[in-house]
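**Q** Quick one: this structure, given as C-alpha cells, is what I'll be asking you about.
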Amino acid sequence: MPFTLPKLEYSYNSLEPVIDAKTMEIHHTKHHQVYIDKLNEALSKHPELEKQSVEQLLADINKIPEDIRTAVRNHGGGHLNHSLFWQILTPDAKAKEVKGKMIDEITKTFGSINKFKEQFNTAALGRFGSGWAWLVFNKGKLEITSTANQDSPLMEGKVPLLGVDVWEHAYYLKWQSNRKGYMENIWSVINWKKVNELFEQARKK
C-alpha cells in the first residue's frame, strides 16, 4: 500500500507561539506530502519493496536498488523523520511533563536535563545547512547526534527517540533566520511522554 500523510493529533495553531499555525500547515500538508509522493513514486518502480515499512527501507538502505536509492534515502527519510517529529510535539501540558525513566537516563548520561538541552541545541545550531538534531538510542546508550538533509539515524543503526527539524521551512515564518530562538523555545512543546514510550520500546529490542 502507498504511504500516506499521518494525521496530526492537534490543530495547526495549538503549538503557538513556538510554531505558528501557517508554518505548521505548510510543513505538514506541503513539505511532508511531497516526501510521501516522491517515495511512493520511487517504490512504484520496484513493487516488491512496497511491502516493507519505511523503517525497514532505511535500515537496509544499501540494499535498495541503486536507481531509486537516493530517492528512498531523501524522501523515505523525510517521511519517517517528519512522522516522528509530529509525535514528539504536543500542546498537552500533561504530556510535556519532564519525568519518567527517560529523564533519569538523560540525567545519568548528560549530567542534568539542562545540560542535555544545551548539548542538543549545540548539535542543532552546529548543523550546517539543512538537517536534524537527534537524541538516539545506540547499543544501549543515549547519544546526541545530527544528520544532514533528511538522513535518518536508522541508516547508522541508531534508534531515533527525539528529533528536531532544523530545515528553515520548519521555523522560518515565525523565527526567520533565528534558529537559536527556535531551538531555545521548542522545548516548551516537546512530548516527553512520547519520548519515554520510544525509549522503553528501544530498550526492549
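**Q** Among Ile186, Ile144, rank each residue by its count of other Cβ atoms within 10 Å, from fewest to most, as a rough exposure measure.
**A** In order of increasing Cβ crowding within 10 Å: Ile144, Ile186.
**Q** Something else: Taking the beta-carbon count within 10 Å as an exposure proxy, list His75, His169, His32 from fewest neighbours to most.
**A** With the sparsest Cβ surroundings first, the list reads His169, His32, His75.
**Q** Mind scanning Lys99/Lys204; Lys139/Lys204; Lys63/Lys141; Lys30/Lys99; Lys117/Lys158 and naming the pairs with a C-alpha gap bigger than 22 Å?
**A** Lys63/Lys141; Lys30/Lys99
A short reminder: the numbers here are calculations on the coordinates, not readings from a lab. Note that the structure is a prediction, hence the values are computed from the model and not measured. Here the Cβ is made from the backbone with ideal geometry for all residues, glycine too, and neighbour counts use every protein chain on show.
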